[in-house]
Each structure stands twice: as C-alpha cells, then as structure tokens.
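Peer 1: Quick one: this structure, given as structure tokens, is what I'll be asking you about.
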Amino acid sequence: MGPDSDPSVPSNSSDIFFRRIFDCLTSEGVNILYNQQTENTIMKPTLKSWATPLVIAAFIISAFTGILIFFHKGGGLVKPVHEWLSWALVAGGALHTAANWNAFKNWFTKRSALAIISAGAIVAVASVAVPVKNEHGNPFMRVSGAVAASSVQKVAPVANLTTEQAIDKLNSKGIKVDDAGQSIKAVAANNGTKEIEVLEALFD
C-alpha cells in the first residue's frame, strides 16, 4: 500500500466483493427489522390506540347535542342521539382509564385534582338526591290540565261567555255538549276530538 492510498478503500477485488455483500446484508437486515417493527405496531394495536379516539368522538357528539338541548334546539334525533351515544363516552372513558390506570391513580394523590374530582362526584349525587320544588314539569301543561278537568260552566266565564253562550258556541262548531257540568276533557272524548280544540272553539 502506497503512502498516498486511502486505508478505507479496499485494496483488491476480493475486498470490494465482500464489502458489497456486507453492505447489502446490513441494509437488508435494517429494512427487515424496520418492517417487522412496523407490522407489529399495525397488527397489535394497544387499548389506548382506540380507546382515546373513542372518547374524543363520543365527547364531540355528547357536547354538541348537549348544547343544542340546552338551547332548546333538540329536534329530530338530537335527544335520542345524545342519550344513547353518551354510553359510548362512558365506555370510552372506562377503557381509557383502564389503559392509563397507573397515571389515573396518581391524580388521587394531588389535592387540587382530588378537589375537582370530589366536586364532580358531589354534583352527580346531588342531581338525583336533592329534591326540587317543581317536580311536575312545564307549568303551562299543568294549567292546561287543570282547565281541561274543569266543567264547561266554570270555563265559560274565563272566555267572557255565559254558560248558555258557551254551549251554543261549541254546538255551532260541531262540538256537542250534553251537560254544562261536563268537563272539557269529557266533551272532547264524547266528540272524538282533542281538549285543546274544544278550548280553542270556546276562546275563538
């Protein structure tokens, strides 16, 4: 080997041949190892890899439909979608917790996190345990029910009519009244109509 020769360059054809074989084997080995690792990653998804996307998707649905319901825009399938697909959020949350159990337990050792978790638990329990004053739904519906249970004789003055005028008015609209003591509900049932239609006829 001369003084100007590069020691990293093979000095003969056999060295070049074996160097090329070594390079090919090394390159191929790296590719094989990389492909095996990639296949293992694809073929063996972890619980976290699909539990987390499930939580995200379910949260988007629950949050969006919940906001619509809050602003009384819950027509169509909004309410059933919110109620039924909330189970997906519950399932995703449970699986996400299982996949991150060690990290999840650590939150209970922090006072600030424990305070927030406790507040959430208290609100959840209070929502079903604390009674509310209005347990009968919409007050308008209660008023309508009370009026429908009243007799024609009692409802007539509210419509600025005498009892006879109320009966005549209903009869003129094809609603037969047998007795002034009949309730609006009974009159509607006897005529095969709705209570609201009887009231509309009186107040028209």
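Peer 1: Need a quick list: helices (runs of 4 or more DSSP H) entirely within the stretch 1-99 having at least 3 residues that are more than 35 Å from the chain's Cα centre (by Cα) and at pLDDT below 80.
Peer 2: The helices (runs of 4 or more DSSP H) meeting that bar are 13-43.
Peer 1: Could you check how many residues of the stretch 86-103 are in contact with a helix residue (DSSP H, G or I) (Cβ under 7 Å, 6 or more places away or on another chain) and of a type in the set (Val, Ile, Thr)?
Peer 2: Here the count works out to 1.
Peer 1: For the stretch 104-180, list the helices (runs of 4 or more DSSP H) that sit wholly inside it and hold at least 2 residues that are at pLDDT below 80 and in contact with a helix residue (DSSP H, G or I) (Cβ under 7 Å, 6 or more places away or on another chain); which are they?
Peer 2: Output list reads 139-148.
Peer 1: Show the residue pairs that are 6+ apart or on different chains and have beta-carbon atoms under 8 Å apart, the first residue being within the stretch 71-98 and under 13 Å from residue 57 (Cβ atoms) and in the same structural domain as residue 59 (by TED's automatic domain parsing), the second being aromatic (Phe, Trp, Tyr) and assigned to a helix (DSSP H, G or I).
Peer 2: Listed pairs, sorted by first residue: 89/59.
The values are calculated or read from the model by the stated rules, or taken from the named source; none is laboratory data. What you see is a predicted model, and the numbers here were worked out from it, not measured in a lab. Neighbour counts are summed over all protein chains in view; Cβ atoms, including those assigned to glycine, are modelled from backbone coordinates with ideal geometry.
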